[in-house]
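Step one of this worksheet: look at the structure below.
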Amino acid sequence: MPESQASSMSALRDRNPQPEVATRLKRLLTLLLVLTALIFPGSIRTESNPIYLDPQQPIERRVEDLLSGMTLEEKVGQLNLPCVYVDQLGKTIPEKMQACKRFAAGTYTNEIGPGAGFFTLADTILHEGAEQQAEYFNELQKIALKTRLKIPLLEDEEGTHGGMFSGATVFPEGLAIGSSFDMPLVEQIYAAAARESRAVGIHVLSTLVLELDRDPRMGRNEEGYTEDTYLMSRIAEAIVRGTQGKDISAPDKAVALLTDFPTQSEPLSGLERGAVTLSDRMLRRDILPPWAAGITKNDALGVMAGYPEIEDMPAHGSKKWMNDVLRDELGFRGIVVSEGEGFGTLIYEGIVPTQKEAGALALKAGVDINITYEPAYMRPLIENVKEGRVPMELIDRAVRRMLELKFRLGLFEHPYVDVAHAKQIVHSKEHQQLALNAAREGIVLLKNENNVLPLKKDVKSIAVIGPNANSASNLFGDYSAQVVLQHVDSVLDGIKAKVSPATRVFYAGGCAVNDQNKSGFEKAVQAAKNTDVAIVVLGEQSRREGDEAKHRPAPTDGEGYDVASLDLTGVQEDLLKAIRATGTPTVLILINGRPLSIRWASEHVPAIVEAWQPGERGAEAIADVLFGDYNPSGRLAITIPRSVGQLPVYYSYPLSKAYWIKGGWTNTRGYVDMRATPLHPFGYGLSYTSFRYSNLRTEPSAINSDGKIQVSVDVENTGKRAGIETVQLYLRERFTPVATPVKQLRGFERVQLDPGQKKTVNFTLGPEELQLLDQDLQWKVVPGTFDVMIGTSSADVALKGSFEVRSSNPASSAWGTGRYRFGRRA
């Protein structure tokens, strides 16, 4: 046989083994498959019964099985969760509704496979309530489950102060929630928001803001809760506990998506998207602890990347912050989504020339999901992979995170919602009552000279004046639904409902929030002259979306509406002066999202109520406070400055600033033209009763650096009304290896007291409360003397004490060895 023929025959035998050998191999393979199936039930993947559809399999195995069967286009499809408000998905509601169905099916564009889901869908196009929302989301899921891989959709909606969709309960926003100092209440608010959202088919609540409000000039800071790191950390824990619970697959829980990492709330010049120039030290000391509280301690599963540049790199392209810090240090294991048009920051900041390069850089940095419709994560990303610019491993990393979240939510087993249940849950009476409680607790009584408040319900006549007196929507604040279906009372309505039938109520708008028109002054002044009391409702104009925004004055607050002054806008102060000049007892109510520098009002108006943005039941809550049905208990979660020129004005300033406030080399106090102290300090708030503190004690008097100490104080209601006092504990260590703030909040407790009642309030202080960030950026408990300050605000300290912290290891250096990081022992 020729050599070539022999070679061919040998190859043929290799490809076609002898019948008996093939039979034996087939039997052996069958036996192995049977044994595998017996040992690992459901582990054999077939087209009709893939592993990833088997709920008995571990999530990790299901994810890898699904990932292994996906095309590149299908993978990239799962990286897109577009905001439905973008024009790329149509310009009218019918166009968008059809576009969403096609996007879910993977037929809207040939660039990518079926999309991962949608952002802001309900708020943009579903304005008829829970029934329509639940039915449409179910319809989209049916479409998704008919695709080749049957991957369910993930629905994401804003949830800043309640689910942002029509019909949902509108809770108070930002500083109103923070000023409650009530962590069980915060948890209840976000549990209710998650319950309503999940009921209609929404799985993620976004814009849960963990940024500190340290520059109130920036409009979007109204979404934040406080200026203080410690209080924000406790709020972060409550938000995540309420939203996610212990099991996000539960039908009443949702993913908590925290905003915006690492921060954007203290930008250059106080302008939206301005560069954040905080040092790495300040970011780690002040900004990261709330993120650690939400992520490291409570396993929050969503994060949004911020707009600004941090350390000269836009956050969307920063591997340090999006991966090394967020994931490696904080232990985050969820999805990172982009900001709206966030990839564009890499272009206009001059880092890359096009979306193609932006996508490659952001994916490498750790941004998993595109929430608008930017090309960065569409065809250009596929081209990057095919051209070798982006490794498939990075695509798989991001897709894996999205798929894991969908599995953890239980969407493969339970993609649909019960329409009848949704109608029952959304805006339930229970949630409405919760909104009222939250609004009440967030109201802060700033001034009450000669006990002007509470007013008597049978007062003969009242003038209700001001641009916010008859504006219900300004009670909402930013990030509330475009279309609010429920009836909402204005402050005028709330007052009318509270007073006796014999009381005459006169209304005059007087002026707008932000123009120079004084034509309404005369009517307002006449109303004030002829009544027993004038209630003037001033403040800010909220940012609104949708058709309503077209018929409203220009906003003065909210995302993208920054200010250079914190004074009242327009001629509002002139109106207040005109009303006060009538001699009629005057009460000022503020409806606003940022602290306002109301110097004249603080000096001349006898009663001032800070209501913030109190939500849909805010009018009733304000009336309850005005007429004494609720004793105000709110405490300022942010400092109110005298002037924007004082910024930053937060209470936890360094001792170098305290030196000039108290008197420096020239024995002056503060500025040449103004005192350096604020109008009202952090933690401040009045009550209709009075409280007395006594008997401060620390047990034991000394502890080791890894120990805990108990601080106790007695609080007594010395007034004639029941009330709630928020006891605040501040600490400062006397000598430390690095400079530390003049004082720092390290504990607070709300105490309900009847007249004459006394209670003991206990605080437990451990390493987390005692640690500082040393020169090497390590969290340590430094042995030394700690001063304890307990009182009614950061400036009103009733009692002082101290205790000692010793080194846990006598043989160690003077600075000790107790080292802690983000709440965990390192």
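The values are calculated or read from the model by the stated rules, or taken from the named source; none is laboratory data. Keep in mind it's a predicted model, so treat the numbers as computed, not measured. Cβ: placed from backbone, ideal geometry, glycine included. Neighbour counts: every protein chain shown. These area figures cover heavy atoms from the full protein model, side chains too; ligands, DNA and RNA do not enter into them. Shrake-Rupley method; radii C 1.70, N 1.55, O 1.52, S 1.80 Å.
Values for this structure:
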{"quantity": "Accessible heavy-atom area order of Ile112, Ile59, highest first, probe of 1.4 Å", "calculated": "Ile59, Ile112"}
{"quantity": "Exposure of Arg273 as accessible area (Å², to 10), given a probe of 1.4 Å and all protein chains", "calculated": "80"}
{"quantity": "Whole-angstrom Cα spans of the stretch 679-817 along principal axes, big to small", "calculated": "56, 34, 18"}
{"quantity": "Protein-only accessible surface order, largest first, of Glu158, Glu357, Glu393 at 1.4 Å", "calculated": "Glu393, Glu357, Glu158"}
{"quantity": "Relative pair counts by distance (%), Cα atoms of the chain, 10 Å bins", "calculated": "2, 12, 21, 23, 18, 12, 6, 2, 1, 1, 1, 0, 0"}
{"quantity": "Rounded accessible area of Trp600 (nearest 10 Å², 1.4 Å probe)", "calculated": "60"}
{"quantity": "Mean projected area in nm² (Cα convex hull; one quarter of hull surface) for the stretch 86-230", "calculated": "10.2"}
{"quantity": "Pairwise label distance in nanometres, Asp247 with Lys150, each label 7 Å out on the Cα-Cβ vector", "calculated": "2.3"}
{"quantity": "Nearby lysines by direct alpha-carbon distance to Lys96 (threshold 16 angstrom, same-chain neighbours under 8 apart not counted)", "calculated": "none"}
{"quantity": "Solvent-accessible area of Glu73 with every protein chain in place, 1.4 Å probe, in Å² to the nearest 10", "calculated": "60"}
{"quantity": "Cα→Cβ-extended label distance, 7 Å offset, between Lys386 and Tyr653, nm", "calculated": "6.0"}
{"quantity": "Degrees separating the helix 392-408 axis from the principal Cα axis of the chain, which is the longest one", "calculated": "70"}
{"quantity": "Positive dipole terminus of the chain, leading residue within Thr277, Leu745, Asn323 (C-beta point charges)", "calculated": "Leu745"}
{"quantity": "Diffusion constant of the stretch 242-381 at 25 °C, which comes from Stokes-Einstein with the Kirkwood Cα-pair radius and 0.890 mPa s, µm²/s", "calculated": "160"}
{"quantity": "Hull-based mean projected area of the stretch 708-772, where the convex hull spans the alpha carbons, in square nanometres", "calculated": "5.0"}
{"quantity": "Integer Hz, Karplus 6.51/-1.76/1.60 couplings in order for the stretch 516-525, x for Gly and Pro", "calculated": "9, 7, 10, 5, x, 4, 4, 4, 5, 5"}
{"quantity": "Cα-based Rg / Dmax (Å) for the stretch 573-714", "calculated": "19.7, 63"}
{"quantity": "Probe 1.4 Å, all protein chains present, accessible-area order of Lys96, Lys460, Lys496, largest first", "calculated": "Lys460, Lys496, Lys96"}
{"quantity": "Share of pairwise Cα separations in the stretch 329-438, more than 20 Å, in percent", "calculated": "57"}
{"quantity": "Relative contact order (%) - criterion: Cα under 8 Å, at least six apart; region: the chain", "calculated": "12"}
{"quantity": "Å² of accessible area per residue within the chain, as computed with a 1.4 Å probe and no ligands counted", "calculated": "39"}
{"quantity": "Carbon/sulfur fraction of accessible area - the chain, other protein chains in place, 1.4 Å, %", "calculated": "50"}
{"quantity": "Euclidean distance between Cα centres, the stretch 77-105 to the stretch 176-255, Å", "calculated": "27"}
{"quantity": "Cα gyration tensor, the stretch 441-598 - rounded (a/c under 1.5), prolate or oblate", "calculated": "prolate"}
{"quantity": "Tilt relative to the chain, helix 93-105 - C-alpha long axis, 0 to 90 degrees, to 10", "calculated": "40"}
{"quantity": "Cα-centre dipole for the chain with unit charges at Cβ (Lys and Arg positive, Asp and Glu negative), debye to 20", "calculated": "1400"}
{"quantity": "Residues of type aspartates and glutamates that Lys320 reaches as a straight line, Cα spacing below 14 Å, ignoring anything fewer than 8 places off in the same chain", "calculated": "Asp280, Glu309, Glu311, Asp312, Asp328, Glu329"}
{"quantity": "When each of Lys297/Lys319; Lys429/Lys496; Lys253/Lys429; Lys75/Lys423; Lys456/Lys577; Lys758/Lys800 is checked by Cα-Cα distance, pairs over 26 Å", "calculated": "Lys75/Lys423"}
{"quantity": "Theoretical ellipticity at 222 nm over the chain - DSSP helices of four or more residues, -39500 (n - 2.57) apiece, nearest 500", "calculated": "-9000 deg cm²/dmol"}
{"quantity": "Per-pair calculated FRET efficiency, R0 = 60 Å: Arg734 and Gln516 via Cβ, rounded to 0.05", "calculated": "0.65"}
{"quantity": "Estimated FRET transfer efficiency (Gln752, Glu413; beta-carbon r; R0 41 Å; 0.05)", "calculated": "0.40"}
{"quantity": "Selection from Ala581, Ala502, Gly245, by position along the positive dipole direction of the chain (Cβ)", "calculated": "Gly245"}
{"quantity": "Cα lying deepest toward the dipole's positive end in the stretch 368-409, options Tyr373, Val385, Leu405, charges on Cβ", "calculated": "Leu405"}
{"quantity": "Sequence-distant residues sharing a close amide H with Gly466 (under 5 Å, placed H)", "calculated": "Ala508, Gly509, Gly510, Cys511, Val537"}
{"quantity": "Kirkwood-based shape ratio for the stretch 596-658, expressed as Rg/Rh from alpha carbons", "calculated": "1.06"}
